[in-house]
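> My questions will all concern the structure given below.
The values are calculated or read from the model by the stated rules, or taken from the named source; none is laboratory data. Quantities reported herein were computed from a predicted structural model and do not represent experimental measurements. Neighbour counts are summed over all protein chains in view; Cβ atoms, including those assigned to glycine, are modelled from backbone coordinates with ideal geometry.
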There are 6 protein chains.
Amino acid sequence: MGKIALCPGTYDPVTEGHRDIIRRCCSVFDTVIVAVSENPKKEPLYSLKKRIEFLSKSLTDFKNIEIITFKGLLIDTARKKNAMVIVKGLRAISDFEYELQMAQMNKKLAPEIETFFLVSNPKYAYLSSSAVKEVAGFGGCIKGLIPEEIENDMINSFKNNIFK
Amino acid sequence: MGKIALCPGTYDPVTEGHRDIIRRCCSVFDTVIVAVSENPKKEPLYSLKKRIEFLSKSLTDFKNIEIITFKGLLIDTARKKNAMVIVKGLRAISDFEYELQMAQMNKKLAPEIETFFLVSNPKYAYLSSSAVKEVAGFGGCIKGLIPEEIENDMINSFKNNIFK
Amino acid sequence: MGKIALCPGTYDPVTEGHRDIIRRCCSVFDTVIVAVSENPKKEPLYSLKKRIEFLSKSLTDFKNIEIITFKGLLIDTARKKNAMVIVKGLRAISDFEYELQMAQMNKKLAPEIETFFLVSNPKYAYLSSSAVKEVAGFGGCIKGLIPEEIENDMINSFKNNIFK
Amino acid sequence: MGKIALCPGTYDPVTEGHRDIIRRCCSVFDTVIVAVSENPKKEPLYSLKKRIEFLSKSLTDFKNIEIITFKGLLIDTARKKNAMVIVKGLRAISDFEYELQMAQMNKKLAPEIETFFLVSNPKYAYLSSSAVKEVAGFGGCIKGLIPEEIENDMINSFKNNIFK
Amino acid sequence: MGKIALCPGTYDPVTEGHRDIIRRCCSVFDTVIVAVSENPKKEPLYSLKKRIEFLSKSLTDFKNIEIITFKGLLIDTARKKNAMVIVKGLRAISDFEYELQMAQMNKKLAPEIETFFLVSNPKYAYLSSSAVKEVAGFGGCIKGLIPEEIENDMINSFKNNIFK
Amino acid sequence: MGKIALCPGTYDPVTEGHRDIIRRCCSVFDTVIVAVSENPKKEPLYSLKKRIEFLSKSLTDFKNIEIITFKGLLIDTARKKNAMVIVKGLRAISDFEYELQMAQMNKKLAPEIETFFLVSNPKYAYLSSSAVKEVAGFGGCIKGLIPEEIENDMINSFKNNIFK
């Protein structure tokens, strides 16, 4: 079965920054599980179904991945999927603070699971799902910000105001 | 009457991190006033009554404390209670930035009152009321995160969905 | 026409910190455009009309400014107004992180426009529109926090609960 | 004897920022011990004798202080002087990180002693002994950066290149 | 051969914080190479020989590790040893900034190698080799700061002033 | 004469990051003065002559620049050259803290001069003169890190160990 890593996120929608982190995980671990949060508190713009569809289209070239959804504690999902490692991308200080606290909390709840941090590629350092949505919402150009495979889908979703 | 310190917070609910800060204040000051914010903007999960009940149960061993509620400007409460010092715990950078601005604003409004910062015990560095609530909400183990005295109460409140 | 700089913000309401940044821009650039965001997501307390009125009263001494409103992408407004530079004030780390990401995103969308950062005057380092509103809302003294010209207006708006 | 606080530092030389922190300690604690580090690793510009002389001249109005020198572990000095609290001024993030680590190390070595942090007055936020020395070294104006009482002494020390 | 990770450092000397990171790497990767820097610029207190001796004594229970020395670019060593991953422990913001820049530089020089960050166990968050040396140099108690196996060695080295 | 900006630095040596900042200044201001610090405390690797030679070769395409050297207070040079603005590039938090303090100190010493900060292009975010020197010193590839025009010069300087 090999070494399994978990890449959790809301992916609302997946950005080129997310894809870069997932790609790099795929080159290190035997299996990479992309875990999409169902947590309704975050009030995502895109439906769970749409977010998974976007991920699937964007990750077709990746052979050793599995896309799942999860709710509840992340470490429960990690345990169920035999993932020994949770991988998170880091962009900035504010990310770092929050992620560090989550990593320490998860370490307390599940000492056998490690959280590894990967630093974003500098060219995606300014990218976030919310920034992309803001640009798209104002009709700005999102080329290069999200995977090419979902560019038209995203533009259409804003044109027609349909996010499900 | 001696030297009086004020420990303000929402305490929604009190964590082991809060209790550690209060305990250390009690060893330095003659009287420690634990001031629970009524500020409705924060939309606390637990009612004011419940938050005070949790604090009372958790702080029974502390002889030189008083638990009060407050609304309005913190410095008005500090003045009314003759507190010369406001004490805040610091966990992380993001805390630091916000608390620093509050301290400087309070210094401008009430130059005679000092804000002192205490660094969290490293073992509680990842702890926050919201993290505890998230773990409890998903049925995770909260042992060691909050005072033992309120553990069952908190588990029951989530089981029965009653927070008042 | 000379060199044109854009000072964007919600200005809800303008503070002495904002005015300090605008004043310093006026001494460097030929024209300074104060651009008030109409973005409804921020849910400002004061109406757009009131925010512009407060700015007008506060900036009467500044000869080379123009006050406008904008919606949509900031860089579209900058282009339309021939502004080569966007100027932002920086107070703290958390500002810095967010503003840095915005600046890099705007640079990608409009490579010909530069974002310049000015460090707040230390005496206004703790000031923000929301802190001022909190103090005013609790009846605290706002003298020196906002331009003198709008002090009475702001106190009255809270007394009568009218922000339009 | 009352409550005793320790204000450690190299004080090379004392600045208005230092004096502000010491003044505020004096209003809270019964006795404030200003502890000047002899640690030769820091390679201070001014001799220990000169640094104490500068402090004495600057703190004549403070009735409840004592100036001492120390070497070795800070907590050993705190214990010997019955200080229950170490007080440090905080200016910025980089300060914060280092001081936080020192505070946690000291807490491990001496659990009965607390470290309290005070936020610098914004108007001294940019001040440090090394910045002052750089300005003075280049003949810049140091008025308002250091206590008025030592201004001439400091200017003369640079004029004559005598720091002992 | 399996997946190989590299844990570089000066290890002057190895602390409990270092050992915690190495232990956690050993549970994730098939082989962990502990790479001790010979870089003379850092001017380590302990000789390279002594630092390796301390590491060997401290890591006897770890079966899948190899201790090596390196000079020159870290990525050249990683490539020579077939390590696909460099692992670094993170304690604080200042670490983060420096390590982030190193990781991005290494990514540019060797795109096929990933740098993973692990967050320190909170109980070692205040620990660094230099802090330990400062405490030991002043005769303070270093119990629990460094691996038990080298405690006496380290105390003796300071007693006899022999670090080779 | 128009609007004049000053870009101070040690430029030991100039990197692609420096050149990016200078290029962007040239598009905003009428004249950009690149001011190379003679401050011997920094102990630059390259001689002042060599650093200026590298800058000259790298900036031949820039028509509105002047390269000068300076010692003493930066604001004295700014005043002498009629520069109303000092421009600094910002890469990271640690930069930010230090530069913010310098900007505030300079504002106190020369209230009529503004310091503007420009955020580095993300692709140069990991770049610094010292990182480049470390890579070059170990024989690593510096292509794309420094201006193409000085690549061979820099490689030769390390090969022959001549930096004057």
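> Kindly provide the set of residues from segment E:135-154 that are outside any loop (DSSP other than H, G, I, E, B), within 14 Å of chain D (Cβ to nearest Cβ) and in contact with a Ser or Thr (Cβ under 9 Å, 6 or more places away or on another chain), ordered by number.
First, pick out the residues of segment E:135-154 that are outside any loop (DSSP other than H, G, I, E, B): E:135-137, E:143, E:146, E:148-154.
Adding the requirement that they be within 14 Å of chain D (Cβ to nearest Cβ) leaves E:135-137, E:143, E:146.
Those that are outside any loop (DSSP other than H, G, I, E, B), within 14 Å of chain D (Cβ to nearest Cβ) and in contact with a Ser or Thr (Cβ under 9 Å, 6 or more places away or on another chain): E:Ala136, E:Ile146.
> Limited to segment B:149-164, what total is found for residues that are among the hydrophobic types (A, V, I, L, M, F, W, C) and either under 29 Å from D:Ser120 (Cβ atoms) or crowded, with 19+ Cβ neighbours inside 10 Å (or both)? Outline the logic, then answer.
Here is the first cut: in segment B:149-164, the ones among the hydrophobic types (A, V, I, L, M, F, W, C) are B:150, B:154-155, B:158, B:162-163.
Those still in the list that are either under 29 Å from D:Ser120 (Cβ atoms) or crowded, with 19+ Cβ neighbours inside 10 Å (or both) too: B:150, B:154.
So the count comes out to 2.
> Of everything in segment E:18-35 that's in contact with a Phe, Trp or Tyr (Cβ under 8 Å, 6 or more places away or on another chain) and more than 14 Å from chain A (Cβ to nearest Cβ), which residue is farthest from E:Ile86 (Cα to Cα)?
Top of the filtered list is E:His18.
> Can you tell me how many residues within segment A:83-99 are under 20 Å from E:Arg24 (Cβ atoms) and at pLDDT below 80? Spell out the reasoning first.
Our first condition is that a residue be under 20 Å from E:Arg24 (Cβ atoms); within segment A:83-99, this holds for A:83-90, A:96, A:99.
Next, only the ones that are at pLDDT below 80 stay: A:96.
Residues meeting the conditions: 1.
> Another question about this same structure. Answer with yes or no whether F:Ile146 is surrounded by 21 or more Cβ atoms within 10 Å (Cβ to Cβ) and farther than 22 Å from C:Lys88 by Cα. Explain how you work it out, then say what you get.
Details: surrounded by 21 or more Cβ atoms within 10 Å (Cβ to Cβ): yes; farther than 22 Å from C:Lys88 by Cα: yes.
So F:Ile146 fits the description; yes.
> Another question about this same structure. What number of residues within segment F:1-25 are closer than 21 Å to F:Gly144 by Cβ and in a strand (DSSP E or B)?
Residues in segment F:1-25 being closer than 21 Å to F:Gly144 by Cβ and in a strand (DSSP E or B): 1 in total.
> Every residue in segment D:26-82 that is assigned to a loop (DSSP other than H, G, I, E, B), touching a Ser or Thr at 6+ places or on another chain (Cβ under 8 Å) and of a type outside the set (Asp, Glu), please. Spell out the reasoning first.
Here is the first cut: in segment D:26-82, the residues assigned to a loop (DSSP other than H, G, I, E, B) are D:29-30, D:38-39, D:43-47, D:59-64, D:71-73, D:81-82.
Next, only the ones that are touching a Ser or Thr at 6+ places or on another chain (Cβ under 8 Å) stay: D:38-39, D:44, D:46, D:64, D:71.
Within segment D:26-82, D:Asn39, D:Pro44, D:Tyr46, D:Asn64, D:Lys71 qualify.
> Exactly one condition in (1) more than 12 Å from every other protein chain (Cβ to nearest Cβ); (2) at positive phi is not met by E:Ser157; state its number.
It fails just one condition, (2).
> Check whether at least one residue in segment B:59-69 is more than 30 Å from D:Asp30 (Cα to Cα) and out of contact with any strand residue (DSSP E or B) (no Cβ under 6 Å at 6 or more places or on another chain), and report yes or no.
Applying the first criterion (more than 30 Å from D:Asp30 (Cα to Cα)) to segment B:59-69 yields none.
Scanning segment B:59-69, I find no residue that is more than 30 Å from D:Asp30 (Cα to Cα) and out of contact with any strand residue (DSSP E or B) (no Cβ under 6 Å at 6 or more places or on another chain), so the answer is no.
> Suppose we filter C:Glu38, C:Glu66 for residues that are more than 14 Å from chain A (Cβ to nearest Cβ), surrounded by fewer than 18 Cβ atoms within 10 Å (Cβ to Cβ) and of a type outside the set (Phe, Trp, Tyr); which single one remains? Quick ask: steps written out before the conclusion?
Working: C:Glu38 fails: more than 14 Å from chain A (Cβ to nearest Cβ).
Selected residue: C:Glu66, the only one of C:Glu38, C:Glu66 that is more than 14 Å from chain A (Cβ to nearest Cβ), surrounded by fewer than 18 Cβ atoms within 10 Å (Cβ to Cβ) and of a type outside the set (Phe, Trp, Tyr).
> Do you know which residues across segment E:72-96 are more than 19 Å from E:Ser129 (Cβ to Cβ) and either in contact with a His (Cβ under 6 Å, 6 or more places away or on another chain) or free of Cβ contacts under 8 Å to residues at least 40 places away in the same chain (or both)?
Within segment E:72-96, E:Gly72, E:Leu73, E:Ile75, E:Asp76, E:Arg79, E:Lys80 qualify.
> Sort through D:Asp20, D:Asp30 and tell me the only one that's surrounded by fewer than 18 Cβ atoms within 10 Å (Cβ to Cβ) and either of a type in the set (Val, Ile, Thr) or within 30 Å of F:Asp95 (Cβ to Cβ) (or both). First the steps, then the outcome.
On the way: D:Asp30 fails: either of a type in the set (Val, Ile, Thr) or within 30 Å of F:Asp95 (Cβ to Cβ) (or both).
None of the others qualify; the one that does is D:Asp20.
> Is it the case that A:Thr69 is touching a helix residue (DSSP H, G or I) at 6+ places or on another chain (Cβ under 7 Å), more than 29 Å from E:Phe96 (Cβ to Cβ) and β-branched (Val, Ile, Thr)?
Numbers: touching a helix residue (DSSP H, G or I) at 6+ places or on another chain (Cβ under 7 Å): yes; more than 29 Å from E:Phe96 (Cβ to Cβ): yes; β-branched (Val, Ile, Thr): yes.
It is true that A:Thr69 is touching a helix residue (DSSP H, G or I) at 6+ places or on another chain (Cβ under 7 Å), more than 29 Å from E:Phe96 (Cβ to Cβ) and β-branched (Val, Ile, Thr).
> F:Arg51 fails exactly one of the following numbered conditions: (1) of a type in the set (Lys, Arg); (2) within 14 Å of chain D (Cβ to nearest Cβ); (3) surrounded by 20 or more Cβ atoms within 10 Å (Cβ to Cβ). What is the number of that condition?
The single condition F:Arg51 does not satisfy is (2).
> Restricting the search to segment F:125-145, which residues are within 13 Å of E:Lys108 (Cβ to Cβ) and in contact with a His (Cβ under 9 Å, 6 or more places away or on another chain)?
Hit for segment F:125-145 is F:Leu127, nothing else.
> How many residues are among the hydrophobic types (A, V, I, L, M, F, W, C), part of a helix (DSSP H, G or I), over 19 Å from A:Ala103 (Cα atoms) and at the interface with another protein chain (Cβ under 7 Å from one of its Cβ atoms) when one looks only at segment E:85-117? Can you show your working first?
Residues of segment E:85-117 among the hydrophobic types (A, V, I, L, M, F, W, C): E:85-87, E:90, E:92-93, E:96, E:100, E:102-103, E:105, E:109-110, E:113, E:116-117.
Imposing the further condition that a residue be part of a helix (DSSP H, G or I) reduces the set to E:93, E:96, E:100, E:102-103, E:105, E:109.
From what's left, over 19 Å from A:Ala103 (Cα atoms): E:102-103, E:105, E:109.
Pick out the ones that are also at the interface with another protein chain (Cβ under 7 Å from one of its Cβ atoms) and you get E:103, E:105, E:109.
Within segment E:85-117, residues that are among the hydrophobic types (A, V, I, L, M, F, W, C), part of a helix (DSSP H, G or I), over 19 Å from A:Ala103 (Cα atoms) and at the interface with another protein chain (Cβ under 7 Å from one of its Cβ atoms) number 3.
> Write out, first by first residue and then by second, each pair whose Cβ atoms fall under 6 Å of each other, whose residues are 6+ apart or on separate chains, and whose first residue, in segment F:118-134, is within 10 Å of chain E (Cβ to nearest Cβ) and surrounded by fewer than 22 Cβ atoms within 10 Å (Cβ to Cβ) while the second is part of a strand (DSSP E or B) and among the acidic types (Asp, Glu).
Listed by first residue and then by second, the contacts come to nothing, as the list is empty.
> Something else: A:Asn121 - would you say it is under 16 Å from C:Lys108 (Cβ atoms) and either more than 18 Å from the chain's Cα centre (by Cα) or of a type in the set (S, T, N, Q) (or both)? Steps first, please.
Values: under 16 Å from C:Lys108 (Cβ atoms): yes; either more than 18 Å from the chain's Cα centre (by Cα) or of a type in the set (S, T, N, Q) (or both): yes.
Answer is yes for this residue.
> With the structure loaded, tell me whether A:Leu59 is under 16 Å from A:His18 (Cα atoms) and either within 9 Å of chain B (Cβ to nearest Cβ) or at pLDDT 95 or above (or both) or whether it fails that test.
Values: under 16 Å from A:His18 (Cα atoms): yes; either within 9 Å of chain B (Cβ to nearest Cβ) or at pLDDT 95 or above (or both): yes.
Spelling it out, A:Leu59 is indeed under 16 Å from A:His18 (Cα atoms) and either within 9 Å of chain B (Cβ to nearest Cβ) or at pLDDT 95 or above (or both).
> Determine the pairs where a residue that is not hydrophobic (A, V, I, L, M, F, W, C), located within segment A:146-160, has a partner that is not in a helix (DSSP H, G or I) with Cβ atoms under 7 Å apart, the partner being 6 or more residues away or on another chain.
The qualifying pairs are A:Pro147/A:Val14; A:Glu151/A:Ile142; A:Glu151/A:Lys143; A:Ser157/A:Phe163.
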